[in-house]
Structures are given as structure tokens and as C-alpha cells.
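Encoded as C-alpha cells, the structure appears first; notes follow it.
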Amino acid sequence: MKIHKYDTVIVGAGGAGMRAAIEATKRSRTAVLTKLYPTRSHTGAAQGGMAAALANVEEDNWEWHTFDTVKGGDYLVDQDAAEILAKEAIDAVLDLEKMGLPFNRTPNGTIDQRRFGGHSRNHGEAPVRRSCYAADRTGHMILQTLYQNCVKEGVEFFNEFYVLDQLIVEVDGVKHSAGVVAYELATGEIHIFQAKAVIYASGGTGKFFKVTSNAHTLTGDGQAACYRRGLPLEDMEFFQFHPTGIWRMGILLTEGARGEGGILRNKDGERFMEKYAPVMKDLASRDVVSRSIYTEIREGRGCGPEGDHVYLDLTHLPPEQLDAKLPDITEFARTYLGIEPYTDPIPIQPTAHYAMGGIPTNVEGEVLSDNTTVVPGLYAAGEVACVSVHGANRLGTNSLLDINVFGKRSGIAAAEYSAKADFVELPEAPESLVIAQIEKLRNSTGSERVADLRRELQETMDANVMVFRTEQTIKTAVEKIAELRERYENVSIQDKGKRFNTDLLEAIELGNLLELAEVMAVSALARKESRGGHYREDYPNRDDVNFMRHTMAYREVGEDGSETVRLDYKPVVQTRYQPMERKY
Amino acid sequence: MATPVLDKVEAESAASPYITVTMRIRRFNPEISDASVWEDFQIEIDPKERVLDALHKIKWDVDGTLTFRRSCAHGICGSDAMRINGKNRLACKTLIKDINPEKPITVEAIKGLTVLKDLVVDMEPFFQAYRDVMPFLVTKGNEPTRERLQTAEDRERFDDTTKCILCAACTSSCPVFWNDGQYFGPAAIVNAHRFIFDSRDEAGEQRLEILNDKDGVWRCRTTFNCTDACPRGIEVTKAIQEVKRALITRRF
């Protein structure tokens, strides 16, 4: 076991983690711990763009962007945070350009912008060009640019270090962060990182679904580490299903395809979104489009022999436009489906994409231990966090924005905190929980296999808590997850070695997914209304009287060691926008 | 709206798609033995699936000790470059049907970097070469308040080399790199090219001097292995040639 001491430790090296690292490294002695090499992070898979009211190609302003974000999130958004997001978006894009990001350009040399779902002129009048982009590789360019600038700033990375535990110590009755415990994949060694400030930027939880755009490695590690130490998780029932994943595979095809003029069609060739969203049509918000697709499929207008998908039609767009603006997604269609998008429509279905919920933070990125109390020294940013700028449904291009705005804010806030704070003394035997967890898995002779349990989890999540939910389906999921958690106690692994033990890694990841799936399902069961990405067929309307509030889920351990999810609620911050009916 | 191709795709998927393939994998685990061995696994797989899916079937259902890196599974993150039937490919972008599943499919770690376990190699020397070429924008003077302007043509000039995902498929396919690990290798040169030809950048001369070194661009023997290997379709050899030309003419 090794003990390290840093002012600031950042967990995760995607967009939020590296944006934070660039700020924190300038101000404090900083280490970045990352399960993957930084450039492998899933920020790189984001395609369509990053929203900012630059007004480079048409009239726009950040107040319209704020409104769209609040409306897109079905009014569950904390409006003070949304205002910061939209206002600081402009500098966030300009910062990236100055760092070298190769944005597409307008004829006069400024950053080009295009349309995206839910982004509108003057409070919903018509789609607006707000997404700053680099072909359909915007996330790739952001990830590369941030890594390049981390190299420039000399950021210290610990690559393939997997953080398994968050150390929390009570000082004068207040929970403080003392550091983290990490597992070095190459050697199997345990490392303690004592730090004045810790920032979680470890991404989402999408891998508990089967059809998902998420990487294999997105297993909610940061959320689970905090939750297990008694910190709450906010709004976990809200998960976004992106309308256009490649049929059966879930690989993302950017909304930018519709921003460029692509059209969704059913088996009759009908442009069905006109029925559901007369103004924004194919560019309505993602929750609306995903529900519309499944409504078409359920009513027998899906495509293919099983009627289980619809088409994304790009055939009317000039090949030059596809080559210039959508080169990667058209190549995905060719590679994985053998389809030529110039001439043939692409079969798609909604794909599990983004966790709106996560570790609750305020607008400085400080983590909360209840509705109002800050955990000194603990921060979170990006998909792992819930600020909440996305509310019940995130707008496309607002996540690349979120990681930059709140990554930067938390990097600065954490470094400023560590400049004036002292180290919190480590608890006794800080490694004990991690060692127990690893040894249990390594020594287990149980008969359950990780892959079987994960498959069953993914199948039950897809069947029961996806785009359409009812009391019955959610209960089915809750029961199945409880069964799987019990069977997980009996899971064993084949690789007993120390070196690059990815068998062990996957077993730990599965434990995180199971725990978070339970939080999600229990949170969803209690929310008896429909809002944004959470759609209850038995409660099809939004209920502002009873549910205009954030869910706060806590892990409770009974005297007999049994675990339950306890739910509490937190008010939504409303400033200038009163809830209205949501129409696109 | 035309649909004939789709009808064909769907008709094919209606029949049982599974075939049996032999995956022949070069195993190495220094905790067990200092020698590497080839091991065969027979699996049932839909030929439209990826080599990565085949590796997962083995790891998840047959042998949990099989070790490889992967993340996004659709050719964007660059984790799973490996030598498949003797050629450097991303396992997640290579479909079984495209590599003759009638014969055993060989899979081994990429060459020229130290193998740590099975298909996992030490990436540190690769990233060190990348860091050595100053892979970041360098500008002088005061920053403008708004964005720097760049024409669409100037942006297009270096578009190809912005696509690099640092998977090392090119560098580890290069015979010069195999023989001499000191050579910067194609990926580092590609990333230098990305900045040398960016109209906003002002450190082109410095990068060219770095690449003028004895371990720099002049080691390239234009075998085109790198261009063949690149999963992003970057014209790697052409980029290297452009850097060589810039070194001679000092125009870029």
C-alpha cells in the first residue's frame, strides 16, 4: 500500500475532469486519477456540438438559451444554475477555441453554428443555430484539446488507477472529505490519496442498460463511491434515451443529423414528428422524440419484419453535406450496418444515453450531504454530478457545455479551497473497505458469473424502466434488482492474479451498477407523475403540486445489515420562469 | 425513399445467423510464465458482430482471465488496437465476416511496445513520443477577446490529422518503429502535423526542429503500413511527407 498527498485530487479524465485539472494544476498540487487513459474517455464519443449563444450566424442571446434549458428540463432545472450555464457558455466556447479547438468556421472565419433539438429563438418561436461544432466530432475535439492543454500545463496523471472508495471523516459533526482509495490496475496495488479537495468527474451510469450509447466503462463508479459513504444521489430516476441509436447496437447517431435536415420516418415513409411537435418537428427535445418513436412502433408503424425500429432518413441531403458535416456517423452506418446513407435510410431506435441525476452539488461544484449542507473538500462536475442544469431532460449540446462550465468552476473552487484548508486526518485503516471488497471477490468460490448477472440486469432495465414506465414494470425491476443483488453476494471471478485483473474490475463495476440501478428504480417508483425523461403511463401528466421537487436518495443500513433506499426531496430553484405546459 | 438494401439486411437477420469461428489468441501472463502461447477458442457468433464481441464472449462465458483494453466499442476511444490476422485493427471496428471466419482468426498484441498481459501493452513510450512534439496550440501576443478567425480553407488544411484517436495502430505497424523504439513514429508526427499546418499556431519552426532530429521524420521509409492501419482513415504517410517537405522548404 502506498500513501500519496496532494492538495487536489481529480477522479476521472474526461471533459469535466481535464477542464478542472487545467484550472486546479495552475493553482494547487494536483493529481488526476483515471480508470482509463484520458483520451479513452467517453467525452470523445459526443458528436453534435456545444451550445452557446454566440450569435455568429443569427440573432441569439443567453437568456433564450436559459429558457430553452429550463423548458427542456421540464421545469425541474434549478434556474440559477441554468442561467450560469447559458451565460458562461460563451466564454467556455471561446476558451476552447483559444486552447486550439478546431471548430468548423463560417465564411467570415468565426465559429460556425447549427441547429439542435430544443434550442429555439425567442422562447420557442423557431429553431435557432446555437450549437458550435466540429463536424460530428465535437466531443473528440474537446477531449483532444483538453488533453493537449493538460500536456501543456504539465498535469500529473495516474492512468489506470481505479477509485473504489471515498474517505469521509466527521470533524465537529460535519462530514469532510479526507481523500480517496484507488486500485492500480497494472499491479493490483492499493493507493491512498490524502487530499484537501477531491473532485469527482467520473461520468455516467449508462451500462446498466442493454441498448446504450455508453462505453463499457461507464459504470457509475463515482456515484457509487459517494453513495456507499452515506451521501445522497439526486434525481436518479431521470435518464435520457437518445432518439437515434443504431438499431439493436445503440451506437449514437447525432441529433446534428436532424439539425442538418435529417428526417425520422415510419414504415409508411411518413414524417411522423409533424404530428407530435408541429413547430420543432424532428428537433423537439429528446424525451419527446423518443416517446414519439416508441408510440409509432407500438401502434404498428415501426419498420422491419418485427416492426421494432424507425428510419433516420438522410437521403435527400447532398452527399457533400454528409461528408463535410456528418462524416463519422455515416461511416458508422456503413461499417456496422452495411448501409449507404447517401441512398438508404438508417434503422434507428432510442438508446440509453445520459444520466440527468447524480451527486448533488451547488453551482460551485461543492457536493451536498443533504438539501443544504456542503461537504467541505468534496466536489463533482459533469455527468457524475447533478447541479441541476438538466432537470428532467437534458438538451442536446448542453452536456459538452456542462462539463466545460462546471468542470472549470469546480477546478477553481477546489484549488482555492485547498489553498486555505488543512489536510483532514485519514481515518484508521483507510484501505479496509476496499481490501475487504477485493479479497471477497478474489476468494469467492460462488457459482454466479458476472456476465450472467450483468446481462439479466441490462435486460430487466431495458424492459421495465426505459422510455415507458408503469408501477408494475418498475416494481418488476425493483424485485429483479434485489434478486440480482442477492446473487451478487455469490459471484466469483476466474482471474485471481494481481496484474491487469480486468475480471476483478468488471465484478466491482457490476456491484456499482446494481446498487445504482436500485436507486434509480426506487426513485422512479415513488415519482407518480410524468416529467421529461421519466414517463409513467399510469400517471401521464406532470404534477407540479406534488412533484415539483428533486428526489434525494440515501442508503440506509438497518441493524441487521440490510440495505434500503430512503427517499427525501429538495425544492427546485425557480427564478424567472414559471412552469408552463411544454409544447414543441 | 429507397429501402432495398434494408430489406436485404433484415431478411438475412431472420435466419439463424450464428457460425462457429476459431479465435486464436496469443496469451501472455508473466505471473504464470515468461513465455507467450497461442490458445484457440471456438465460439458461436453472428458474422456481423465485431472481433471485440468475440473477445467478450470468450472473457464473459469461457475464460475470465483473457485481458484486453476496450471502452467505447465503436472506434472512437482508441483502446482496442490489436493485431488481427497480422494486421493492426481496432477490434471494435473489425467485423468477423470481413476477415475470413472460415480460418482461425489470429489476435495478438500490437508490436513494438512491451506486452504486459495478453493483448495489453505498455502505452507509455507511445504517449511520451506524442508529448515530445508539443501537441498543443502555441500563440504569441495578447489573446483576442473573441475567437481567433480562421478561414474554412485554413481549417480544412489540417482536418485529416485532427481525426487521430491515439490508438497506436499506425506507430505499432511501422517496421522502423519495431526496429528502433526511439523513432517518434507516425502518430506523433501526425499530431505535430495537426499543429504545424494550423494557421493559428506559431510554433511550427520549433516542432519542425524536433522532428528534424535523427529519430524524427527522416526515419520514415514510406512503407504505407501506417496509412493501411489507421482506423480513422487518416492519410498518415501523406502527412509525414508534408512534414518532410515543410522541413526542406520551411513553408507551411
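Just so you know, all these numbers are worked out from the coordinates, no wet-lab data involved. Just so it is clear, the model here is predicted, and its values are computed rather than measured. Heads up, the Cβs are rebuilt from the backbone with ideal geometry, glycines too, and the neighbour counts pull from every protein chain shown.
Using just the helices of chain A, give the 222 nm mean residue ellipticity in deg cm²/dmol: DSSP H runs with n ≥ 4 each add -39,500 (n - 2.57), and the total is spread over all residues, rounded to 500.
Result for chain A: -10500 deg cm²/dmol, rounded to the nearest 500.
Starting with the fewest neighbours, write out B:LYS103, A:LYS87, B:LYS87 ranked by other beta-carbon atoms found within 10 Å of each beta-carbon.
B:LYS103, B:LYS87, A:LYS87
Rounded to whole Å and ordered largest first, report the semi-axes of the equivalent ellipsoid of segment A:1-67 derived from its Cα gyration tensor (root of 5λ).
34, 16, 8
With 10 angstrom as the radius, rank B:GLU102, A:GLU255, A:GLU189 by how many other C-beta atoms surround their C-beta, starting from the fewest.
By the 10 Å Cβ count, ascending, the order reads B:GLU102, A:GLU189, A:GLU255.
Name the residue from A:PRO579, B:ILE248, A:ILE246 whose Cα lies farthest towards the positive end of the charge dipole of the protein assembly as shown, charges +1 on Cβ of Lys and Arg and -1 on Cβ of Asp and Glu.
Looking along the dipole axis, the top candidate is B:ILE248.
By the scheme Lys and Arg +1, Asp and Glu -1, what is the net charge of all other residues having a beta-carbon under 9 Å from that of A:ARG555?
Charge balance in the 9 Å sphere: 0.
If every alpha-carbon in segment A:534-584 counts as one equal scatterer, what log10 I(q)/I(0) does Debye give at q = 0.13, 0.15, 0.30 1/Å?
Debye curve over Cα of segment A:534-584, log10 I(q)/I(0) at q = 0.13, 0.15, 0.30 Å⁻¹: -0.52, -0.64, -1.20.
Run through all the Cα pairs of segment A:245-350 and give the fraction in each 10 Å bin from 0, expressed as whole percent.
15, 52, 30, 2
Counting C-alpha atoms alone, how compact is segment B:15-121: give Rg to one decimal and Dmax as a whole number, in angstrom.
Looking at segment B:15-121, its Cα Rg and Dmax stand at 13.2, 45 Å.
Using the number of other C-beta atoms within 10 angstrom as an exposure proxy, rank A:CYS303, A:CYS226 with the fewest first.
A:CYS303, A:CYS226
With springs only between Cα atoms under 10 Å, which of B:ILE240, B:ILE58, B:ILE32 fluctuates most in a Gaussian network model of chain B?
Answer for the Gaussian network model of chain B: B:ILE32.
Average the reciprocal distances over every distinct pair of alpha-carbons in segment B:22-64, invert the result, and give the Kirkwood radius in Å.
So the Kirkwood estimate lands at 11.4 Å.
How big is the antiparallel share of DSSP beta bridges in segment A:453-584, given as a percent to the nearest 5?
In segment A:453-584, DSSP labels about 90 percent of beta bridges as antiparallel.
Throw me the Rg/Rh for segment A:484-584, computed over C-alpha atoms with Kirkwood Rh, two decimals.
Computed over Cα atoms, the ratio is 1.14.
So how far, in whole Å, is the C-alpha centre of segment A:266-305 from the one of segment B:210-252?
If you average the Cα positions of each part, the centres end up 48 Å apart.
Given 37 °C and 0.692 mPa s, compute D for segment A:432-539 with the Stokes-Einstein relation, Rh being the Kirkwood radius over Cα pairs; round to the nearest whole µm²/s.
220 µm²/s
Largest first and in whole Å, give the semi-axes of chain B's equivalent ellipsoid, each being the square root of 5 times a Cα gyration tensor eigenvalue.
Output for chain B: semi-axes of 38, 24, 15 Å.
Quick one, what does Rg over Rh come out to for segment A:395-441 if you take C-alpha atoms and the Kirkwood Rh?
My calculation puts Rg/Rh at 1.25.
Give me, ordered by chain and number, the residues 5 or more places off B:THR106 or on other chains with an amide H under 5 Å from its own placed amide H.
Close amide H contacts, sequence-distant or interchain: B:ARG24, B:ASN85.
Distance in nm between label sites at B:GLU44 and A:ASP560, each 7 Å beyond Cα in the beta-carbon direction?
With each label placed 7 Å out from Cα toward Cβ, I get 4.2 nm.
Could you check how many percent of all C-alpha pairs in the protein assembly as shown are farther apart than 53 Å?
Summing the P(r) tail past 53 Å for the protein assembly as shown gives 6 percent.
Just the number, please: Stokes-Einstein D of segment A:67-207 in µm²/s, Kirkwood Rh from C-alpha pairs, 25 °C, 0.890 mPa s.
Translational D for this selection: 129 µm²/s.
Using a simple charge model, +1 on the beta-carbon of Lys and Arg, -1 on the beta-carbon of Asp and Glu, nothing else, what dipole does segment A:27-142 show about its Cα centre, in debye to the nearest 20?
Approximately 700 debye in magnitude.
Percent antiparallel among DSSP beta bridges with both residues in the protein assembly as shown, to the nearest 5?
The antiparallel fraction comes to roughly 70 percent.
With r defined as the distance between the Cβ atoms of A:GLU125 and A:LEU567 and R0 fixed at 35 Å, what FRET efficiency is calculated, to the nearest 0.05?
Taking R0 as 35 Å, the efficiency between A:GLU125 and A:LEU567 is 0.35.
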